[in-house]
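In what follows, a structure is listed as structure tokens, so that the remarks can point back to it.
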Amino acid sequence: MALVLFGPPGSGKGTQSKLLVKKLGIPQISTGDMLREHVRRGNAVGTKVEAKMKAGILVKDDVVNRLVAERIVQPDCVNGFILDGYPRTQAQAQALCPILAARGIDEVVVHLVVDYNVIIARLSGRRQCPVCGTLYNAASKPPKIPGVCDLDGAQLIVRDDDREEVVRERLAAYEKQTRPLIEFFREKGTQLYEVDASHDGPEMVFRRIEGLIQKQ
Ligand code: ADP
């Protein structure tokens, strides 16, 4: 099974993916994390995508399509995988679906539905450890010492693309390019679940997702 976690930036796709990895024992494939890793390494892919990511604009479809196509054929994906942040455009869905169909993999889409005001509040309070990548949030997951990573003591930073004007850009990209995919999946007859992820904490949202996918 390919479990597609779908939702706007800040809807908790990354957090839910990590909980699902633990529960299901299948890997998380986050195109955002993969791209950030290329940027960190400063390689050809990284150089190509860095400016777009900083501005909150989607990177080119062929770049992410290639990354995902190469990743899902790895041996750890044989029992399924969680797609976090992919597909994000119609062209990406059109690249992915035939690959899954050819391998006999069913896709299940879980749409995390979150109010945009909640997202802006969440993302603007988000801080990240530049060393280990752990995410904190002033409101929902504060570090023990303000501004300092619990795990390695590094000074926390605001991710470039969590600045408010960039958050608005990311939401606009979602509205225009990604949200219409719900219709695409509906028309295709894909199993599609909507989960309210606005108000409750991650554990509660996770229990809702668990309940839905157990029916699979
Ligand atoms: P979020 O979902 O919170 O926006 P991500 O970490 O998923 O954060 O993505 C960060 C950035 O990486 C995006 O703003 C975009 O530039 C790029 N990106 C990630 N996934 C994709 C994708 N599937 N297609 C195009 N660009 C992507």
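Points worth noting:
- Reported count of residues in region 175-216, each being closer than 13 Å to Ala93 by Cα, β-branched (Val, Ile, Thr) and in a helix (DSSP H, G or I), is 2.
- Region 50-84 - residue that is part of a helix (DSSP H, G or I) and in contact (Cβ under 8 Å) with a residue 60 or more places away in the chain and, of those, surrounded by the most Cβ atoms within 10 Å (Cβ to Cβ): Met53
- Take the conditions (1) of a type in the set (A, V, I, L, M); (2) in contact with a strand residue (DSSP E or B) (Cβ under 6 Å, 6 or more places away or on another chain); (3) under 23 Å from Val166 (Cα atoms); (4) surrounded by fewer than 22 Cβ atoms within 10 Å (Cβ to Cβ); Ile120 misses just one of them, which is (2).
- Subset of region 143-164 that is in a loop (DSSP other than H, G, I, E, B) and open to solvent by 80 Å² or more (accessible area, probe 1.4 Å) - its residue that is modelled with the lowest pLDDT: Arg163
- Top-ranked residue of region 166-194 - restricted to ones that are more than 16 Å from the ligand (Cβ to nearest atom) and touching a residue at least 24 places away in the same chain (Cβ under 8 Å), ranked as farthest from the chain's Cα centre (by Cα): Lys188
- Restricting Thr47, Thr15 to those that are surrounded by fewer than 18 Cβ atoms within 10 Å (Cβ to Cβ), more than 10 Å from the ligand (Cβ to nearest atom) and among the hydroxyl-bearing types (Ser, Thr, Tyr) reduces the list to Thr47.
- Count of region 85-100 residues which are polar (S, T, N, Q) and touching a residue at least 40 places away in the same chain (Cβ under 8 Å): 2
The values are calculated or read from the model by the stated rules, or taken from the named source; none is laboratory data. Here the structure is a predicted model, which is why all the values come from computation and not from measurement. Reconstructed Cβ throughout: ideal geometry from the backbone, glycine too, with neighbour counts over all protein chains shown. Surface areas here come from the heavy atoms of the whole protein model, side chains and all, with no ligands, DNA or RNA. Shrake-Rupley method; radii C 1.70, N 1.55, O 1.52, S 1.80 Å.
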